Amino acid sequence: MYLICSYLSPKAYAQSKLANILHAKELSKQLKAKGANVTINAVHPGVIKTEITRDFKFISDFMYFVASKFVKSTSQGAATTCYVALSPRLVGVSGEYFEDCNESRALGLASDDDIARNLWKQTHELIISIIGE
């Protein structure tokens with residue numbers, strides 16, 4: 001029996017963003033448990049007009065024409081990342097999720113501590129299997 005797998009870029013992108021949030025959540029817990037003075041947070045910059053869809057010019061132009069009121073500039077998209085990295089109000093804040101320069105709540109699977117812990121464990125095992133201890 002052959003298993004046919006296809007790569008769907010929107011699904012892969014969504015899964016990678018979910019993994020980023022879950023990883024930040026668990027890494028924050030791991031560092032806190034070790035007493036490290038480091039903060040880890042996840043940031044959603046929003047939908048930003050970039051060249052990521054440059055190979056799909058028609059789709060990109062059409063999409064940005066329709067969604068122009070909702071698409072951020074690169075500077076606007078960077079604002080939340082800069083805020084989380086530099087704001088003195090966030091000293092000591094770790095393991096959180098931010099969007100539009102505000103602490104927010106990650107929804108669905110992204111807020112599941114068990115999934116975050118399981119992803120951490122599986123990732124650790126995969127890395128050890130590749131590079132050893």
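The values are calculated or read from the model by the stated rules, or taken from the named source; none is laboratory data. Not measured: the values here are computed from a predicted model. When the accessible area is computed, the model is the full protein with side chains, heavy atoms only, and any ligands, DNA or RNA have been set aside. Shrake-Rupley method; radii C 1.70, N 1.55, O 1.52, S 1.80 Å.
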| said: Can you give me the orientation-averaged projected area of the convex hull built on the Cα atoms of the stretch 79-133, in nm²? | reply: 5.5 nm²
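How would 101, 82 line up by accessible area, probe 1.4 Å, largest first?
82, 101
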